[in-house]
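*Asks:* Quick one: structure below, then a few questions.
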Amino acid sequence: MKLVYIANARIPSEKAHPYQVLKMYEAFKSKVKLSPRMKWLIENAKGTTILDVGFVGSKSEPLVHLMIRQNNSSSRVIGCDIDEMKIRVLNLHNTLVSDVHFLPFVNSFFDVVVLGEFVEHFYNLSPLLKEVARVTQSGGKVLLTTPNPYGCPRWFKHWLLPSNPASIQNFKNFLYSEDHLVFWEPLSLCNILEQHQLRPVFITSRHQLVPLLCRLIPWLGNLDINVYPFNRTGLYTCIIARKK
């Protein structure tokens, strides 16, 4: 077990101070605009005991986590991340430094586990999904979002149109960030979840993007058409899985 630091020396089962959450939310909301993917997570993350894995985000602005707390003010919402420095800076109650492969919780502790923009940072999902399944209650749900390799702009730009898709520059740009190792194909991801007692019950994609037009019409940069076939071509895969 790797448990390094708990913010404000609070045990993970305690509820967050609502005033602290509100003040942090107000500080961050002006800096970060909610994307369709973020809105999907916030709308679906409802429960009595919620674990948000990798909650701090790459920009140290955990707006999704704060809004999940606001929407579940009477619940226990816990955030864990491997980045001790960012957690110390945020100093938010009920947050802790922990490796997802060694979560410091008893079996079946949570009825909701959030994996927002997380799995693309791993080549091997089996160890982490095994641990996520362990701490999830039977019938509990796992919310997962990750970049969709079938997202239209991404697919056209980096797979269909390049004369040499195997060029280093192309596949590096496809992954967008050095921290991204794999963009998991949606149905293969469903298969991996199923193998770890996490049955996919809902899958969609969110956030359509028209690259050239969104420069002329800014609101097109946050387009979200949640009807077929557009809900298969969004930039982010969104999955709800139930623990068996």
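*Asks:* Given a cut-off of 26 Å, name the pairs among Lys46/Lys130; Lys39/Lys172; Lys39/Lys243; Lys33/Lys244; Lys46/Lys157; Lys46/Lys243 whose C-alpha atoms lie farther apart than that in the structure shown.
*Replies:* Among Lys46/Lys130; Lys39/Lys172; Lys39/Lys243; Lys33/Lys244; Lys46/Lys157; Lys46/Lys243, the Cα-Cα distance tops 26 Å for Lys39/Lys172; Lys33/Lys244; Lys46/Lys157.
*Asks:* Would you mind calculating the gained length between Ser167 and Ser58 on full extension (0.36 nm times residue separation, minus the Cα-Cα distance), in nm to one decimal?
*Replies:* Extra length available between Ser167 and Ser58 comes to 36.6 nm.
*Asks:* If we count other beta carbons within 10 Å of each Cβ, what is the order of Arg242, Arg88, fewest first?
*Replies:* Placing the least packed residue first, the sequence is Arg88, Arg242.
*Asks:* Once you put a point 7 Å from the Cα of Asn226 and another 7 Å from the Cα of Thr48, both along the Cβ direction, what distance in nm separates them?
*Replies:* Label at Asn226, label at Thr48, 2.7 nm between them.
*Asks:* For the range 98-184, run through the GluC sites (Glu not before Pro) and keep only the ones in DSSP coil with at most 12 other Cβ atoms within 10 Å of their Cβ.
*Replies:* Sparse-neighbourhood loop GluC sites (Glu not before Pro): Glu178.
*Asks:* Which one of Val97, Pro127, Gly116 is farthest out on the positive end of the charge dipole of the range 85-137, using unit charges on Cβ (Lys, Arg +1; Asp, Glu -1) and the Cα centre as origin?
*Replies:* About the Cα centre, the residue reaching furthest to the positive side is Val97.
*Asks:* Okay, next question. Can you give the relative contact order of the range 35-188 as a percent, counting alpha carbon pairs under 8 Å and 6+ residues apart?
*Replies:* 22
*Asks:* Sort the following peptides by mean Cβ neighbour count (other Cβ atoms within 10 Å, averaged over residues), highest first: 103-113, 42-52, 186-196.
*Replies:* Ranking, from highest mean packing down: 42-52, 103-113, 186-196.
*Asks:* Got a sec? How would Tyr176, Tyr150 order by Cβ neighbour count within 10 Å, fewest to most?
*Replies:* So the ranking, lowest neighbour count to highest, is Tyr176, Tyr150.
*Asks:* Scan around Tyr236 for amide H atoms under 5 Å from its own, H built in the peptide plane at 1.01 Å from N, and keep only partners 5 or more places away or cross-chain.
*Replies:* For Tyr236, whose amide H was placed from the backbone, the distant partners under 5 Å are Asn148, Arg206.
*Asks:* Could you give the length gained on full extension between Asn91 and Tyr123, defined as 0.36 nm per residue of separation minus the Cα-Cα distance, in nm?
*Replies:* Value of the extension gain: 8.5 nm.
*Asks:* Then there is this: Take the Cβ-Cβ distance between Ile192 and Gln70 as r, set R0 to 25 Å, and report the resulting FRET efficiency rounded to the nearest 0.05.
*Replies:* Using R0 = 25 Å, I get an efficiency of 0.20.
Each reported figure results from applying straightforward, stated rules to the coordinates on display, with no laboratory input. Predicted, not measured: the structure shown is a model, and the values here were computed from it. Here Cβ is always computed from backbone atoms with ideal geometry, including for glycine, and neighbour counts include all displayed protein chains.
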